[in-house]
Structure formats: C-alpha cells, structure tokens
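Worksheet for the structure shown next.
The values are calculated or read from the model by the stated rules, or taken from the named source; none is laboratory data. Here the structure is a predicted model, which means the values were calculated and not measured. Neighbour counts are summed over all protein chains in view; Cβ atoms, including those assigned to glycine, are modelled from backbone coordinates with ideal geometry. Ligands, DNA and RNA are stripped out before the accessible areas are found, and what is left, the full protein with its side chains, is counted by its heavy atoms. Shrake-Rupley method; radii C 1.70, N 1.55, O 1.52, S 1.80 Å.
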Amino acid sequence: MNILVIHGPNLNMLGKRDAKHYGTFTLDDLYAEIADYFVDDEFSFFQSNHEGELIDVIQHAEEENYDALLINPGAYTHTSIAIRDALELIYMPKVEVHLSDIENREDFRKIDYIKDVCHERFMGKKIDSYIEAIQFIKNLVLSK
Ligand code: DQA
C-alpha cells in the first residue's frame, strides 16, 4: 500500500516542543518508526508550515495514485476551512491524527474543522496514534 502522510505547521519542530503533549522524538524519528512498523507498505512524507502548500498536496493526492492519506494538520486543524474543503474534495480513505489529546487541552483545540471530512480521528497516544491510524486505513482499503 502507498500512503501519503501529511504534517502541518510546527510539526517539523518535534523534539523541541512540549514533551508532555508531543514526546521527545523528532519528525524524522516518527517517520522511521512508521516505516519500521509497516515494512510492507510505502510512505510518502510531506510537511509544510504553509496552508497553500498543504492544500496543493491534498488536491493532487488522487492523481498521484496513493491508496490512502493520513494528515496531522497541526494548528490548522482548529482554523483552516480551506484544508477542510480540500479534504472534502478527495474520496480516498483519509484519517486525521494528533499526537496529543486535543479534546482535553485548551478549549480552542476542541474546534476541529477536519474531523468530519476524514473517515476517523486518532489522537492522544503520540506515535501510537499513528500506528492505530495506519492500521485503520489499511483495513479500510483492504475491505473495499
Ligand atoms: C497537534 C495538536 C494541535 O493542537 C497543535 O497545534 C499541533 C499538534 C497534535 O499532533 O497533537 O501542532 O496536531
């Protein structure tokens, strides 16, 4: 399976962010853990701090023939109707992931523009949120 993994703003700073919410690993460590866990699958990893760049990659995901898409939009989760609209336009299996538990932090993080345009949301388990999310989309793709 070929899975596109998209990260939004400030996730390139993992390793320097609040360890309580995000752990001490870097984004490259996270990529390595995912690739090591799912050895039979291929991953394309993309990170940007720019909303428009994230939207461009989402818009092209179908024509690039990915089987599924995983996105952690970072703070754009709580602000970006534009990213929501881009996700709504593509029909492949999509999952939203967060390292932290956004339902149990500041109130502004409870606003989530993405969740109902993705098939499922995984959060609060740091790297394990990703492992569970990828397992979920793999099952979804295989069940089609
Ligand atoms: C995050 C949660 C967001 O609220 C925050 O802005 C992030 C990371 C997470 O993975 O827990 O940058 O998406």
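For segment 20-35, how many residues are assigned to a helix (DSSP H, G or I), within 13 Å of the ligand (Cβ to nearest atom) and buried (at least 17 other Cβ atoms within 10 Å of the Cβ)? Let's see the steps before the verdict.
Here is the first cut: in segment 20-35, the residues assigned to a helix (DSSP H, G or I) are 20-22, 27-35.
Right, trim to within 13 Å of the ligand (Cβ to nearest atom) and you get 20-22, 27, 30.
This time we only want the ones that are buried (at least 17 other Cβ atoms within 10 Å of the Cβ), so: 22, 30.
Summing the residues that are assigned to a helix (DSSP H, G or I), within 13 Å of the ligand (Cβ to nearest atom) and buried (at least 17 other Cβ atoms within 10 Å of the Cβ) in segment 20-35 gives 2.
Scanning segment 110-135 for residues that are in contact with a strand residue (DSSP E or B) (Cβ under 9 Å, 6 or more places away or on another chain) and buried (at least 18 other Cβ atoms within 10 Å of the Cβ) turns up ASP112, ILE114, CYS118, ARG121, PHE122, MET123, SER129, TYR130, ALA133, ILE134. Within segment 115-129, the presence of at least one residue that is within 13 Å of the ligand (Cβ to nearest atom) and of a type in the set (Ser, Thr, Tyr) is confirmed. Those helices (runs of 4 or more DSSP H) of segment 36-144 in which 2 or more residues are in contact (Cβ under 8 Å) with a residue 40 or more places away in the chain occupy 51-60, 127-142. Within segment 61-101, being out of contact with any Ser or Thr (no Cβ under 8 Å at 6 or more places or on another chain), open to solvent by less than 10 Å² (accessible area, probe 1.4 Å) and within 9 Å of the ligand (Cβ to nearest atom) holds for ASN72, THR77, SER100. If you check ILE58 against the conditions, is it crowded, with 22+ Cβ neighbours inside 10 Å, in contact with an Asp or Glu (Cβ under 7 Å, 6 or more places away or on another chain) and farther than 18 Å from TYR31 by Cα? Here the answer is no, as ILE58 does not meet what is asked. For first residues located in segment 6-19 and closer than 19 Å to LEU70 by Cβ and near the ligand (Cβ under 10 Å from one of its atoms), partners that are part of a loop (DSSP other than H, G, I, E, B) and open to solvent by 10 Å² or more (accessible area, probe 1.4 Å) and lie 6+ apart or on another chain with Cβ distances below 6 Å form the pairs PRO9/ASN49; LEU14/THR26.
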